[in-house]
Amino acid sequence: MQNKYFADKRDLVKWSVLYRLAEIYQAQRIMQIAYYRRSAFPDVLIDDLHYSIPQKVLAHFRNLQTVESMGAEIHVTVFMELFHERTGYLESVLSFLAGFQEERCVVFLDPDTGLAPQNPNLNHVLESEAKAIWDVTKSGDVYVFYQHRNNQAGAPWIEPKRRQLEEALRLPEHSIKIAQGPQIAHDVVFFYMQKP
């Protein structure tokens, strides 16, 4: 997730879904795997002079870790390692998750776009990566996956992406559930399932 996207209407839906899932499944912690990438922000113009955005402003409005202070009853931990190459990143994620064996968790994969299409880039999670994280998720944990609309032609996108994730995780059809906020952000869904 690039920090330029943080705190928009999708985050309102995202964190509402995550908190409600944590309540429903009695999880003590939400762990956001942020797939963090730094954004470049353009300058602001004042009297035709260019000024960069002050770091204090960016820290207030675009710091992904501010969600960690939302509440005490459900802890939030953001995995903020910089995502710039896949192998080392996945190894770090798996090591990070191993440190939370004593709590029921919501394990949230939060890429910019979602599950990889045929030509993936760093906006996506590969099927093999989604499976590796699913495999280390504990029984009772809730696995949640961010998916952005992946086409602009109006073709169905939710069911094909849900089925792609189910196949990647080797789960039966329709075993993954869907959460969304269509009146707030109609272009995102959250696939989720509690691990048996």
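Kindly provide the set of residues from segment 103-141 that are closer than 15 Å to VAL93 by Cα and either of a type in the set (Val, Ile, Thr) or touching a residue at least 60 places away in the same chain (Cβ under 8 Å) (or both), ordered by number. CYS105, VAL106, VAL107, PHE108, LEU109, ASP110, PRO111, VAL125, ILE133, TRP134, VAL136, THR137, listed by residue number. Annotation: ARG170 fulfils all but one of (1) touching a residue at least 60 places away in the same chain (Cβ under 8 Å); (2) over 19 Å from VAL13 (Cα atoms); the unmet one is (1).
Among the residues in segment 74-83, are any polar (S, T, N, Q), more than 11 Å from THR137 (Cα to Cα) and part of a strand (DSSP E or B)? So far as segment 74-83 goes, yes, one or more of its residues are polar (S, T, N, Q), more than 11 Å from THR137 (Cα to Cα) and part of a strand (DSSP E or B). For segment 175-186, a residue qualifies if it is at pLDDT below 95 and exposed (fewer than 14 other Cβ atoms within 10 Å of the Cβ), and the qualifying residues are PRO182, GLN183, ILE184, HIS186.
Taking (1) surrounded by fewer than 12 Cβ atoms within 10 Å (Cβ to Cβ); (2) modelled with pLDDT under 95; (3) acidic (Asp, Glu) in turn, GLU68 satisfies each apart from (1).
Mind checking whether some residue in segment 135-157 is at pLDDT below 95, in contact with an Asp or Glu (Cβ under 8 Å, 6 or more places away or on another chain) and not charged (D, E, K, R)? Yes, that holds for at least one residue.
The values are calculated or read from the model by the stated rules, or taken from the named source; none is laboratory data. Just so it is clear, the model here is predicted, and its values are computed rather than measured. Please note: Cβ atoms are built from the backbone with ideal geometry, for glycine as well, and neighbour counts cover all protein chains shown.
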